[in-house]
Amino acid sequence: MNAKHQSNTDLTTEDWKIFINHIYKQFGNKISIWITWGEPLIRSDLIEILKYMKSLGFNVSLSTNGILLNEYIIKFLKNNILGLSISLDGLENTHNYLRQSDVFNKTLENIKLCKKNNIKALCIKTAVYKKNLNKLKDLYEIIKNIEPDEWHLFAVEPIGRGEINKKEILSLMEYNILCDFVDKIRNNKLPRGKPTRY
């Protein structure tokens with residue numbers, strides 16, 4: 001994690017603690033918090049923030065692109081968060097295309113490392129768009145071998161990065177193909193009989 005990638009407008013560590021305290025005072029620690037959007041692991045103080053949330057009794061989950069994960073961070077997350085989701089947006093070409101970087105192999109390696117370390121509630125998230133729609137069956141074989149707790153497929157929408165890639169958004173017919181694919185595998189089981197939600 002490298003703090004130099006953080007924006008000057010980001011909340012400071014103390015600002016985050018004040019915000020968390022406010023949530024705690026208003027709602028207690030019975031609500032779940034999901035840290036997502038952007039890439040949380042670029043914050044050099046993320047571990048400190050997560051530790052603070054845990055000290056107040058919050059159940060926290062985290063979404064990441066998986067690139068910055070390593071053995072140390074994974075072992076920390078295993079003991080301090082409720083669940084972890086990692087983006088895998090297709091096979092090598094389609095994942096790298098959407099991510100605009102050659103990161104597929106690193107992402108897949110870190111997903112497997114999370115599984116090896118028994119990360120709780122490991123979810124793989126796949127953004128479906130025109131270029132990866134016809135490769136979902138091949139991706140499914142990879143997902144089955146990893147055995148995550150959940151595989152979450154969703155269609156790219158024209159917001160955020162999707163706003164830039166409008167031409168890649170599924171048509172109604174393609175969206176129906178995605179729905180048919182999900183229907184076909186919804187009741188399937190992973191190797192050794194472990195069920196997975198889709």
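Distance between the 7 Å Cα→Cβ label points at N80 and I18: 2.3 nm.
With neighbour counts taken as other beta-carbon atoms within 10 Å, the residues M53, M173 rank, fewest first, as M173, M53.
Hey, fewest Cβ within 10 Å first, where do T36, T126 land in order? Intermediate results must be reported in sequence, preceding the final value.
On the way: T36 13, T126 21.
Ascending Cβ contact count within 10 Å gives the list T36, T126.
Once R0 is set to 41 Å, what does the formula 1/(1 + (r/R0)^6) return for the Cβ-Cβ distance between D180 and L11, expressed as a FRET efficiency to the nearest 0.05?
Numbers: r = 43 Å, r/R0 = 1.05.
Plugging the Cβ-Cβ distance into 1/(1 + (r/R0)^6) gives 0.45.
In the chain, helical runs assigned H by DSSP with n ≥ 4 each contribute -39500 (n - 2.57); averaged across all residues and rounded to the nearest 500, the mean residue ellipticity at 222 nm is -13000 deg cm²/dmol. Taking a straight Cα-Cα cut-off under 24 Å and skipping sequence neighbours fewer than 8 places away in the same chain, the lysines within cross-link reach of K115 are K51, K54, K75, K78, K106, K125, K135, K137, K144, K189, K194.
Quick one: putting +1 on the C-beta of Lys and Arg, -1 on the C-beta of Asp and Glu, what dipole do you get for the chain around its Cα centre, in Debye to the nearest 20? Please report the intermediate quantities before stating the final value.
Values: 30 positive and 22 negative charges, 129 e Å.
The calculated dipole for the chain is roughly 620 debye.
Can you return the lysines within cross-link range of K131? Criterion is Cα-Cα under 17 Å, with same-chain partners fewer than 8 residues away left out. Excluding near neighbours in sequence, the set is K166, K167.
Using Cα springs under 10 Å in a Gaussian network model of the chain, which residue among V182, V128, V60 shows the largest mean-square fluctuation? The residue that fluctuates most here is V182.
Scanning the chain for trypsin sites (Lys or Arg not before Pro) in DSSP loops with at most 12 other Cβ atoms within 10 Å, what's the longest stretch left with none? Here the longest run is 31-185. Sorted fewest first by neighbouring Cβ atoms within 10 angstrom, W37, W16, W151 come out as W37, W16, W151.
Share of antiparallel DSSP beta bridges in the chain, in percent to the nearest 5?
Values: 1 of 20 bridges.
Given both bridge residues lie in the chain, the antiparallel proportion sits at roughly 5 percent.
Where a number appears in this text, it was derived from the coordinates with a stated rule and is not lab data. Because the structure is a prediction, the values reported are computed rather than measured. A quick note on method: Cβ atoms are made from the backbone with ideal geometry, for glycine too, and the neighbour counts reach across all protein chains shown.
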